Amino acid sequence: MRIPLSAPDITEAEIEAVTAVLRTPSLSLGSRLPEFEEALAARVGARHAVAVSSGTAGLHLGVRACGVAPGDEVVTTPFSFVASTNAILYERGVPVFVDVERDSLNIDPGRVEAAITPRTRAILPVHVFGRPAAMEAILDIARRRGLAVIEDACEALGAEVGGRAVGTLGRCGVFGFYPNKQITTGEGGMIVTDDGDVAALCRSLRNHGRDDGTGPMVHARLGYNYRLSEIACALGAAQLRRLDLLLENRASVARRYHDRLAGHADLILPEMNPAGARVSWFVYVVRLGETWTPKNRDKLVAEMESRGIGCRPYFPALHLQPHLLAALGHAPGDFPVAEGAAKRTLALPFHGRLRDSEIDEICGTLLDRLSVAR
């Protein structure tokens, strides 16, 4: 694509940080790992941070550390990237979906309590597209019902609720650092928690079940190779030092999209400033009007891509994914708000370095092609 869907924001500072690691004999489990962990923990206000190989790995370890066992239920959203649900299945837990709010597309807290049963172990909200979920209501339910809250903040580094960073509100939270995220390590993720036992267990699990102080070939439990390399940690630490600028640049792009597209009858735009929350712009996703069909939406995608502009539907409804249909037995119509959104969402090119001329071209092409695609 001439204008790609996403692009990382890398400067000479990141290149120098990575090069410096390559001049050392330590490419894994060296000094950059705790440097990155401590910096991110301080940034979000968490006591502990545990770097892992991906956001998906972080969600898996968070589910495991919060005690989800085979047959345990975890209440979550059907409108998310598939990793949030797969992490539950990895531990042979049972994802219990509830529908989402029509405006925010986050899990609807008004539906959560009715989904809780004696087998429920946790609630796993997702801060979709970097917009915080309704955490006050979710945390209240969890406290009353004795449930863990595992925050999927993989899309939301920098987002806040009531002045507190998302990811730090539940028992643990997870950030992701894929190249389209607010900061990137190429692949990578971070678990944050105030619970020392959760942090210690996650550190052991990411390194083949080893415990600190027991020797390199002593494995206390079944673990995984979920380590994050020194190269990735150095890149992440350098990106983190630029986080405020990266967040502002992305917010500026979102504002320019909003100003350019506001008022068009066929487009529902994401809310810029939801009450009591700070959005961290991960993507810019518009929704097409109620009369649009997936076929028309896909025609619009093809029209945009034929002109060199990357865009795509974002996200599909998880309960209708083939492996989840087979595992959970849902049917079309079970979660109508999520399904309706999934049929009409369109992610536009988004990163902090988009130029005004590119935004003008994207928006002009979108508005021109809307009438063709209908």
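The values are calculated or read from the model by the stated rules, or taken from the named source; none is laboratory data. Note that the coordinates shown come from a computational prediction; the quantities given were computed from them, not determined experimentally. Virtual Cβ from ideal backbone geometry, glycine too; neighbours counted across all protein chains shown. Surface accessibility is based on the protein's heavy atoms, side chains included, excluding ligands, DNA and RNA. Shrake-Rupley method; radii C 1.70, N 1.55, O 1.52, S 1.80 Å.
Yes or no: LEU318 over 21 Å from PHE175 (Cα atoms), buried (at least 16 other Cβ atoms within 10 Å of the Cβ), hydrophobic (A, V, I, L, M, F, W, C) and touching a residue at least 40 places away in the same chain (Cβ under 8 Å)?
No; evaluated as a whole, the condition is false for this residue.
Could you list, in sequence order, all residues of region 244-261 that are within 13 Å of CYS363 (Cβ to Cβ) and touching a residue at least 24 places away in the same chain (Cβ under 8 Å)?
Listed by number, the residues that qualify are VAL253, ALA254, ARG256, TYR257, ARG260, LEU261.
Looking at LEU89, LEU40, which is the one that is under 19 Å from the mean Cα position of the chain (by Cα), open to solvent by less than 40 Å² (accessible area, probe 1.4 Å) and touching a residue at least 12 places away in the same chain (Cβ under 8 Å)?
Selected residue: LEU40, the only one of LEU89, LEU40 that is under 19 Å from the mean Cα position of the chain (by Cα), open to solvent by less than 40 Å² (accessible area, probe 1.4 Å) and touching a residue at least 12 places away in the same chain (Cβ under 8 Å).
Quick one: is GLY209 modelled with pLDDT of 95 or more, part of a loop (DSSP other than H, G, I, E, B), small (Gly, Ala, Ser) and closer than 25 Å to THR56 by Cα?
Against the criterion (modelled with pLDDT of 95 or more, part of a loop (DSSP other than H, G, I, E, B), small (Gly, Ala, Ser) and closer than 25 Å to THR56 by Cα), GLY209 qualifies.
To keep it simple, each residue is scored yes or no on (1) outside any loop (DSSP other than H, G, I, E, B); (2) open to solvent by less than 30 Å² (accessible area, probe 1.4 Å); (3) modelled with pLDDT of 95 or more.
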| residue | (1), (2), (3) |
| --- | --- |
| ARG227 | no, no, yes |
| ALA234 | yes, yes, yes |
| LEU240 | yes, yes, yes |
| ALA254 | yes, yes, yes |
| GLY263 | no, no, no |
| GLU271 | no, no, yes |
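For region 285-315, enumerate the residues that are in a loop (DSSP other than H, G, I, E, B) and over 30 Å from LEU243 (Cα atoms).
If the condition is that a residue be in a loop (DSSP other than H, G, I, E, B) and over 30 Å from LEU243 (Cα atoms), then GLY289, GLU290, THR291, TRP292, THR293, ARG307 are the ones that fit.
Which residue, of GLU155, GLU136, GLU151, is at pLDDT 95 or above and in contact with a helix residue (DSSP H, G or I) (Cβ under 7 Å, 6 or more places away or on another chain)?
Going through GLU155, GLU136, GLU151 in turn, the sole match is GLU155.
So, in region 68-98, how many residues would count as being within 24 Å of ARG143 (Cβ to Cβ), in contact with a strand residue (DSSP E or B) (Cβ under 8 Å, 6 or more places away or on another chain) and assigned to a loop (DSSP other than H, G, I, E, B)?
8
Assess whether ALA220 counts as being closer than 16 Å to ALA49 by Cα, surrounded by fewer than 23 Cβ atoms within 10 Å (Cβ to Cβ) and not polar (S, T, N, Q).
no
Examine region 23-36 for a residue that is closer than 21 Å to ASP194 by Cα and either open to solvent by less than 40 Å² (accessible area, probe 1.4 Å) or modelled with pLDDT under 95 (or both), and state whether such a residue exists.
yes
All but one of (1) in contact with a strand residue (DSSP E or B) (Cβ under 7 Å, 6 or more places away or on another chain); (2) farther than 26 Å from ASP99 by Cα hold for PHE335; state the number of the condition that does not hold.
The number of the failed condition is (2).
When the residues of region 103-123 are filtered to those that are polar (S, T, N, Q) and closer than 25 Å to VAL283 by Cα, which remaining residue is surrounded by the fewest Cβ atoms within 10 Å (Cβ to Cβ)?
Per the criteria, the residue is SER104.
Among the candidates VAL68, VAL126, VAL100, which residue alone is buried (at least 23 other Cβ atoms within 10 Å of the Cβ), more than 27 Å from LEU288 (Cα to Cα), touching a helix residue (DSSP H, G or I) at 6+ places or on another chain (Cβ under 8 Å) and of a type in the set (A, V, I, L, M, F, W, C)?
Among VAL68, VAL126, VAL100, only VAL68 is buried (at least 23 other Cβ atoms within 10 Å of the Cβ), more than 27 Å from LEU288 (Cα to Cα), touching a helix residue (DSSP H, G or I) at 6+ places or on another chain (Cβ under 8 Å) and of a type in the set (A, V, I, L, M, F, W, C).
Given the conditions (1) in a loop (DSSP other than H, G, I, E, B); (2) over 25 Å from SER357 (Cα atoms), report the number of the one that LEU324 does not fulfil.
So LEU324 meets the others, but not (1).
Considering only region 341-374, how many residues are open to solvent by less than 50 Å² (accessible area, probe 1.4 Å) and without any contact (Cβ under 8 Å) to a residue 24 or more places away in the chain?
Of the residues in that region, 1 qualify.
Could we say that ARG287 is farther than 30 Å from ALA13 by Cα, surrounded by 19 or more Cβ atoms within 10 Å (Cβ to Cβ), basic (Lys, Arg) and under 20 Å from the mean Cα position of the chain (by Cα) here?
Numbers: farther than 30 Å from ALA13 by Cα: yes; surrounded by 19 or more Cβ atoms within 10 Å (Cβ to Cβ): yes; basic (Lys, Arg): yes; under 20 Å from the mean Cα position of the chain (by Cα): yes.
Yes: the conditions hold for ARG287.
Residues in region 19-36 that are within 19 Å of LEU201 (Cα to Cα) and either out of contact with any helix residue (DSSP H, G or I) (no Cβ under 8 Å at 6 or more places or on another chain) or in a strand (DSSP E or B) (or both): how many?
Residues flagged as within 19 Å of LEU201 (Cα to Cα) and either out of contact with any helix residue (DSSP H, G or I) (no Cβ under 8 Å at 6 or more places or on another chain) or in a strand (DSSP E or B) (or both) within region 19-36 amount to 1.
Out of (1) closer than 19 Å to ILE88 by Cβ; (2) in contact with a Pro (Cβ under 7 Å, 6 or more places away or on another chain); (3) surrounded by fewer than 24 Cβ atoms within 10 Å (Cβ to Cβ), what's the single condition that is false for ALA133?
So the condition that ALA133 fails would be (3).
Out of everything in region 273-284 that is in a loop (DSSP other than H, G, I, E, B) and in contact (Cβ under 8 Å) with a residue 12 or more places away in the chain, what residue ends up being surrounded by the fewest Cβ atoms within 10 Å (Cβ to Cβ)?
This residue is GLY276.
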